[in-house]
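The values are calculated or read from the model by the stated rules, or taken from the named source; none is laboratory data. Please read these numbers as outputs of a predicted model, since none were measured by experiment. As a convention, Cβ positions derive from the backbone with ideal geometry for all residues, glycine included, and neighbour counts pool all protein chains shown. SASA here: full protein model, heavy atoms, side chains in, ligands and nucleic acids out. Shrake-Rupley method; radii C 1.70, N 1.55, O 1.52, S 1.80 Å.
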Amino acid sequence: MYRLLFSVFLSRMDPEDAHHLAFRAIRALPTLGLGRLVERFTAPDPALSVETLGLRFPSPFGVAAGFDKDGFAVRGLGHLGFGHVEVGTITAIAQPGNPRPRLFRLVSDRAVVNRMGFNNRGADAAAGRLSRLSRRRHRPVLGVNIGKSRVTAVEDAIADYERSATVLAPYADYLVVNVSSPNTPGLRGLQEIDSLAPLLEAVRAAAAETPLLVKIAPDLADSEIVRICELVGRLGLDGIIATNTTISREGLRAEASAVEAIGAGGLSGAPLAARSLEVLRLIRAQVPAELCVVSVGGVETAADVQERLDAGATLVQGYTAFLYLGPLWARQVNRGLARLARGRRPAVAA
C-alpha cells in the first residue's frame with residue numbers, strides 16, 4: 001500500500017514537503033492516543049535488545065540524525081519500532097539552513113541528495129523539549145547530534161560545540177559530535193586530527209558523564225580513519241558513528257545530467273552501502289570490542305542490518321530507506337532480524 005502511495009502521490013511532491021507531511025503524522029501518534037496501539041504491532045522482539053553505552057536498546061536498529069532535527073517526533077518514532085532515535089543535527093544558534101530546494105530524490109538509485117544545512121531551532125529551544133522528553137519512562141533511547149553553527153567561524157568552533165554540549169548533554173542518553181556533514185562550510189576540515197583532538201577534548205569535558213561519540217564521513221582516506229580510531233581510544237570516547245553522507249557521485253544509475261542539475265549536497269541511501277560497510281570493518285579492526293560502533297549508510301533490509309552486526313557494528317541506523325519503504329520499515333527490519341536470529345539457533349537435541 002505504501003509503495004502505491006509513494007509512486008502515485010508522494011513521489012510527485014517536493015521531497016521536503018513529503019517529509020514534513022509524514023513527520024506530522026508520526027509526531028501525532030502519541031498525542032492522538034494511537035502510539036501504544038501501534039506499538040502492539042511494531043514492538044521489537046525482546047531478544048533483539050542490545051546493551052551498550054551503559055544503556056539498554058530495545059533493538060539494534062534506530063533512526064539516524066536528520067529525520068527529526070529538533071526532537072519533536074521521538075516518541076512517535078519509538079512507537080513505530082525504532083530502538084533509538086538520534087535527533088539533530090542541533091546547533092548552538094538557531095538557523096534556517098540552506099535555501100530550498102535542498103532535498104532531492106534519486107529514485108532509480110534508492111538514494112537522496114540533501115544540502116539542508118543544519119536547519120534547526122537551536123540548542124536552547126531543543127533543551128526545553130528534550131528535558132520533558134527525558135523524564136518520560138516510555139520512550140526510545142535518545143541520542144543528540146550536535147554541529148557547528150553556520151555563523152560561527154571555524155576557528156571559534158570549539159566554543160560553539162561546547163555551548164551545545166553543555167545545554168543538551170543533561171537530556172541526552174548519548175551525545176554525538178558531527179564534524180562530517182558536507183553542507184556546512186569548513187565543517188569537514190574539523191576531522192583533521194590537529195583540529196579534532198582539542199574539539200573532542202572540550203566537548204568531552206562539557207558533556208560530563210554523558211556517553212560521547214563522533215560521526216565521521218565516508219570520504220576520508222583509510223589512513224585518516226585509522227588515526228581517528230586511535231584518537232578516540234586515546235581520549236576515552238565511547239564510540240564512533242560511521243558514516244555520514246558522501247560527496248561522491250560514482251556508480252549512480254540516474255542520468256548524469258540529472259545528477260549534475262541537483263548540484264552540491266550529501267548523497268545517502270543504497271549507493272553508500274559498500275563504502276559504509278568497508279569503513280565499519282576498518283574501524284572494528286582498529287578499536288576494542290567494547291567500543292560502541294554505530295553503522296549507518298545504505299541499509300534497507302533486515303539482511304543488510306544483520307550484515308552490519310556480523311561485521312562488528314554494535315548498533316545500526318537508517319534514514320533514507322524510510323522515505324522509500326514507509327512507516328512500517330522498522331517493523332519489517334525487526335521482524336526480519338528476529339527470524340534470522342531464530343534460524344541461527346542450534347537445534348535442541350532430542
Long-range amide H contacts for T89: which residues qualify at under 5 Å (H placed 1.01 Å from N, peptide plane, sequence gap of 5 or more or a different chain)? G66
Multiply the residue gap between E230 and D194 by 0.36 nm, knock off their C-alpha separation, and tell me the result in nm, one decimal place. 11.7 nm
Pairwise centroid distance, computed over Cα atoms, of segment 112-135 with segment 16-73, Å: 16
Per the Kirkwood formula over distinct C-alpha pairs, the hydrodynamic radius of the chain in angstrom is 20.3
In units of 2.2 N^0.38 Å, the Cα radius of gyration of segment 135-223 is 1.11
Percent accessible area from carbon and sulfur atoms, segment 199-275, protein chains only, probe 1.4 Å: 50
Using a 1.4 Å probe on heavy atoms of the protein chains only, the accessible area for R339 in Å², nearest 10, reads 150
Given 208-214, 132-138, 62-68, the highest-first ranking by average Cβ count within 10 Å works out to 62-68, 208-214, 132-138
Given a 1.4 Å probe and every protein chain left where it sits, what share in percent of the accessible area of segment 46-148 is carbon and sulfur? 52
So between H20 and D156, what do we pick up on full extension, going 0.36 nm a residue minus the alpha carbon distance? 45.7 nm
Taking every alpha carbon pair in segment 58-154 and sorting the distances into 5 angstrom bins from 0 up to the bin holding the longest one, the percent per bin comes out as 3, 13, 21, 20, 18, 14, 8, 3, 0
Solvent-accessible area per residue, Å², over the chain with all protein chains present [probe radius 1.4 Å]: 43
Simple label model, 7 Å out from Cα along Cβ direction - L282 to S223, nm: 1.2
What's the ranking of 260-267, 315-322 by average number of surrounding C-beta atoms within 10 Å, highest first? 315-322, 260-267
Per the helix-only model, the chain has a calculated mean residue ellipticity at 222 nm (DSSP H runs of ≥4, -39500 (n - 2.57) each, divided over all residues, rounded to the nearest 500) of -12500 deg cm²/dmol
State log₁₀ I(q)/I(0) for segment 195-288 at q = 0.21 Å⁻¹ as given by the Debye formula over alpha-carbon point scatterers of equal weight, solvent excluded. -1.02
State, to one decimal in nm², a quarter of the convex hull surface area for the C-alpha atoms of segment 86-127, i.e. the direction-averaged projected area. 3.5
